[in-house]
Amino acid sequence: MSTRRHFLKLTAAASLAPSVVSAQGAGRVVVIGGGFGGATAARTLKALEPKLAVTLIEPNPVYTSCPFSNSVLADLRQISQQEFRYNGVKRAGVTVAETSATAVDADAKTVTLADGSKLQYDRLVMSPGIDFNWSALPGYDEAAAQKMPHAWKAGPQTTLLRNQLQAMDDGGLVVMSVPANPYRCPPGPYERASLIAYWLKIWKPKSKLLLLDAKDTFSKQRLFQNGWAELYPGLIEWVPLSKGGKVTSVDPATLTFTAEFGSHKAAVGNVIPPQRAGAIAGQAGVADRTGWCPVEPVAFESTLRPGIHVLGDAAIMGGMPKSAFAANAQAKVCAAAIVALLAGAKPQDPILINTCYSLLAADYGISVAGVYRPDKGQLTDVPGAGGVSALEAVGGLRGQEALYAASWFRTITAETFG
């Protein structure tokens, strides 16, 4: 957790702006999306400038966290432990509108809500997360997800996949498909494969897991593969792009995955589909042809629509990955930049840190950390900073990292929602 404390110090030192309230009164900031990016941005705005009118638009009264949701599949956590309400956000002075944003008018600076009413803003923060590109994988759509769950938005899909695993006969084949980059949480599929294997090893030891991948490399690859060899020899088979791992279609009726070099029939099928920014981003005009939202790297202001800032998974952040820690860090920097901009000041260039923990078993954790700064219009890695867990673990390092991961999750959820 020393990394996290260091980040908070860096944020305070490098990014926080002075008070901006003028004689004419405070500004109005609307935030769309109540995840780790949006909720953190809303709270930070009020902390930096209490006189700002900050409204968070989020239709769900309970937020279900994707980080640590893979542990639900392994029966290491209950889905209820992933659920958080917005009581802390409200106590911070943020107005929480439990409704959906249906339209954004960047010229009029208004957000239209589900009931037709409109909110005026001086600055808009969008943190809409991801949606799925349902047309990208033949055979896979919203109906198919009830047969071959994605569980890439935590909640009912997580429970469905867990129940399918538990109902599977011992000896059944679990098949997972992983898309090409970019997508939410780059190491997430490999953590999922690890924790499903952890559960299978205990409860269904005759079963296997086939991991079909549209890539030849992935985050923390050597650490994951070393862990699989140590913990789950013969249980996980990873098929990369170069060996026919890219899935070209699925058949939910037969739970069949068709890849470039053959087809695979699953007892349980988990499809992680190609993704894009949440739908409201496209309507607002902040998403480009890739489906993601390009932003400048200081205030995370859209390069397509001035006055709108985009955070977290929806945004293109250069070298910074899509993760909860990243969204949380970006939200703090963005809030400070908005406070400065509303005062007519220039935001300071930030330094951001991201740390991502992955569990391979209940007591086996690994991590990757990166440090980023603006360079040539995007966030780039600081040379020589960051790194991954040591390949050779000594002194109970993997168990310590599992404890660090749990501590990180308690800290970030308490800070965001508590």
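What follows is calculated from the coordinates using simple rules that are stated; it is not laboratory data. Remember, it's a predicted structure, so these values are computed and weren't measured experimentally. Cβ atoms come from the backbone with ideal geometry, glycine included; neighbour counts cover every protein chain shown.
Output the peptides 297-305, 410-418 sorted from most to least packed, where packing is the average of other Cβ atoms within 10 Å over each peptide's residues.
Highest to lowest by the protection proxy: 297-305, 410-418.
Sort TYR364, TYR183 by Cβ crowding within 10 Å, fewest neighbours at the top.
TYR364, TYR183
Determine the percent antiparallel among the DSSP beta bridges restricted to the chain, to the nearest 5.
Taking every DSSP beta bridge within the chain, about 55 percent pair in antiparallel fashion.
Placing one identical point scatterer on every Cα of the chain and ignoring solvent, what is log10 I(q)/I(0) from the Debye formula at q = 0.09, 0.11, 0.12 Å⁻¹?
Normalising to I(0) and taking log10 leaves -0.55, -0.82, -0.96.
Compute the convex hull volume of the Cα atoms of region 365-418, divide it by the residue count, and report the result per residue in Å³ as a whole number.
96 Å³
Which net charge results when you count Lys and Arg as +1 and Asp and Glu as -1 among the other residues whose beta-carbon is under 15 Å from that of VAL29?
Within the 15 Å Cβ shell, the charges total +3.
For region 164-225, compute Rg over Rh where Rg is the Cα radius of gyration and Rh is the Kirkwood radius from the inverse mean 1/r over Cα pairs.
Radius of gyration relative to Kirkwood radius: 1.00.
As a footprinting exposure proxy, order VAL62, VAL178 by other Cβ within 10 Å, with the fewest listed first.
Taking fewest neighbouring Cβ atoms as first place, the list is VAL62, VAL178.
Show me, bin by bin at 10 Å from 0, the whole-percent P(r) of region 144-271 based on Cα pairs.
Final binned percentages: 13, 47, 37, 3.
Would you look at the GNM of the chain, springs on alpha carbons closer than 10 Å, and say which of GLY399, GLY307, GLY234 moves the most?
GLY234
Under unit Cβ charges (Lys, Arg +1; Asp, Glu -1), what dipole magnitude, rounded to 20 debye, does the chain have relative to its Cα centre?
Using only the charged Cβ atoms, the result is roughly 640 debye.
Could you give the Stokes-Einstein D for region 19-132 in µm² per second, using the C-alpha Kirkwood radius, 37 °C, 0.692 mPa s?
The Stokes-Einstein estimate is 216 µm²/s.
Taking the Cα centre of region 144-271 as the origin, how large is its charge dipole in debye, to the nearest 20, when only Lys and Arg (+1) and Asp and Glu (-1) carry charge on their Cβ atoms?
Computed about the Cα centre, the dipole is about 200 debye.
Under Stokes-Einstein, with the Kirkwood radius over Cα pairs standing in for Rh, what whole-number D in µm²/s applies to region 218-301 at 37 °C and 0.692 mPa s?
This corresponds to a translational diffusion coefficient of 200 µm²/s.
Put +1 on the Cβ of each Lys and Arg and -1 on the Cβ of each Asp and Glu in the chain; which of LEU209, LEU235, GLY386 then has its Cα farthest toward the positive end of the dipole?
Of the candidates, GLY386 comes out farthest on the positive side.
Of the candidates ALA281, ALA41, ALA385, which one comes out as most mobile in a Gaussian network treatment of the chain with C-alpha springs shorter than 10 Å?
Comparing ALA281, ALA41, ALA385 in the GNM, the peak value goes to ALA385.
State the three equivalent ellipsoid semi-axes of region 315-418, derived from the C-alpha gyration tensor as the square roots of 5 times its eigenvalues, in descending order and whole Å.
Rounded to whole Å, the semi-axes are 30, 17, 9.
Going by how many other Cβ atoms sit within 10 Å of their own, how do MET168, MET176 line up, fewest first?
MET168, MET176
Kindly flag which residue pairs out of LYS46/LYS332; LYS147/LYS215; LYS109/LYS322; LYS46/LYS90; LYS322/LYS346; LYS153/LYS201 have an alpha-carbon separation exceeding 20 Å in this structure.
Cα-Cα > 20 Å for LYS147/LYS215; LYS109/LYS322; LYS322/LYS346; LYS153/LYS201; rest within.
Determine, for each peptide in 153-165, 263-275, the mean count of other beta carbons within 10 angstrom over its residues, then list the peptides with the highest first.
263-275, 153-165
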